[in-house]
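Participant: Before I ask anything, here is the structure I am working with.
Computed from the coordinates by the stated procedures, all read-outs in this text should not be read as laboratory data. Because the structure is predicted, anything quoted here is derived from the model rather than measured. Counting neighbours? That spans all protein chains shown, and the Cβs are built from the backbone with ideal geometry, glycine included.
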Amino acid sequence: MPTSPPRPDGRQARWDRHNQERRQRILDAAIAVVESGEPGAEVHVQQIAEQAGLSRTVVYRHFADRSDLDRAVQTAIVDDLSGELLPAVTLEGTIPQIIERIVSTYVSWAVAHPALHRLAEQDSSVDGTGPLQQGIEKIAHQVVELISTAVELLGVEMSEDEADAVDPLVFGLVGAVFSAVRRWMARPERAPSAPVLVSLVTDSVWYILDGHARSLGLELHRDQPVDELLASAAQDQSAQDHSAQDRT
């Protein structure tokens with residue numbers, strides 16, 4: 001006779017939920033301790049335990065070792081940053097406005113959370129794929145999709161090599177923006193000011209995108225909203241289609 005599936009263990013489910021809640025409590029406490037100190041200040045597990053209202057022993061029940069705890073905290077920090085950045089990666093506004101929105105969001109977060117930013121950029125992984133690098137890749141993937149969508153809607157003709165190069169070029173560009181902001185944050189005095197930095201980084205990215213667009217025969221205008229650009233491209237394509245039909 002067929003056997004019925006095992007009934008869920010309510011006690012185990014409650015215990016798992018309890019462990020998840022306590023683990024999150026520890027991470028929240030660790031972030032609070034980091035934020036309360038100077039960027040780069042050493043944080044002890046005892047401080048985290050006291051902030052969470054737990055003992056060191058209980059903290060280590062939820063993490064394999066200190067490295068595991070540190071990585072979990074870094075991941076939580078990067079997840080928060082990604083949550084701020086991803087909504088900014090859209091096609092709304094002009095191209096410089098889109099770039100500025102993304103860069104400004106990152107700079108504003110870094111300035112508001114300097115200690116978290118310093119901890120997030122510390123990479124103790126052997127292969128160089130720490131939480132911040134993974135966060136950068138998540139943002140880069142989003143930007144690649146954004147640009148690929150725009151290229152498709154605009155009907156830009158690209159060679160196979162040009163199409164293949166979009167991914168590494170965008171990853172390099174996003175990484176350069178993060179590196180510029182990280183270097184700026186690490187300076188003894190943050191000069192130039194945040195608004196000036198955002199403006200200069202925005203211009204730099206715009207020049208690169210505009211240069212590549214021109215090489216592909218696409219003329220971009222700083223003050224043209226992307227939706228107007230796409231609408232214009234759609235009209236041009238429709239006119240070409242009608243012209244082709246008339247010739248046949």
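Participant: Relative to the longest principal axis of the chain, what angle (0 to 90°, nearest 10) does the C-alpha long axis of helix 194-215 take?
Facilitator: Rounded to the nearest ten degrees, it is 40.
Participant: Provide the per-residue ³J(HN,Hα) series for segment 12-25, in order, calculated from phi with Karplus coefficients 6.51, -1.76, 1.60 and θ = phi - 60°, each as a whole number of Hz, with x at glycine and proline positions.
Facilitator: Rounded to whole hertz, the list is 5, 4, 5, 5, 4, 5, 4, 5, 5, 5, 5, 4, 5, 4.
Participant: Let me ask something additional. Sequence-distant or interchain residues sharing an amide H contact under 5 Å with residue 94, placed H: which?
Facilitator: Excluding prolines and chain starts, which carry no amide H, the hits are 226.
Participant: If Lys and Arg each add +1 and Asp and Glu each add -1, what is the summed charge of the other residues whose beta carbon sits under 10 Å from the beta carbon of residue 151?
Facilitator: Local net charge: -3.
Participant: Here is a further query. Run lengths n ≥ 4 of DSSP H only: what is the helix-derived mean residue ellipticity at 222 nm for the chain, with -39500 (n - 2.57) per run over all residues, to the nearest 500? Walk me through the intermediate numbers first.
Facilitator: Working: 10 runs with 182 residues, N = 248.
Result for the chain, helices only: -25000 deg cm²/dmol.
Participant: Between residue 24 and residue 108, what's the calculated FRET efficiency when r is the beta-carbon distance and R0 is 30 Å? Round to 0.05. Please list the in-between numbers first.
Facilitator: Values: r = 25 Å, r/R0 = 0.84.
Given R0 = 30 Å and the Cβ-Cβ separation, E is 0.75.
Participant: In a solvent-free Debye calculation with one equal scatterer on each Cα, what is log10 I(q)/I(0) for the chain at q = 0.08, 0.10 Å⁻¹, listed in the order of the q values?
Facilitator: Debye intensities relative to I(0), on a log10 scale: -0.47, -0.65.
Participant: Please determine, in degrees from 0 to 90 and to the nearest 10, the orientation of helix 66-85 with respect to the longest principal axis defined by the Cα atoms of the chain, where the helix direction is its Cα long axis.
Facilitator: In the chain, helix 66-85 runs at an angle near 40 degrees to the longest axis.
Participant: Calculate the FRET efficiency for residue 67 and residue 159 from the Cβ-Cβ distance with a Förster distance of 45 Å, rounded to the nearest 0.05.
Facilitator: Working: r = 45 Å, r/R0 = 1.01.
The formula returns an efficiency of 0.50 here.
Participant: Kindly identify segment 129-230 as rounded, prolate or oblate by the Cα gyration tensor criterion: order the square roots of the eigenvalues as a ≥ b ≥ c, call it rounded if a/c is under 1.5, otherwise compare a/b with b/c, prolate if a/b is larger, else oblate.
Facilitator: Working: a/c = 2.45, a/b = 1.50, b/c = 1.63.
It is oblate, given that a/c is not under 1.5 and a/b is not larger than b/c.
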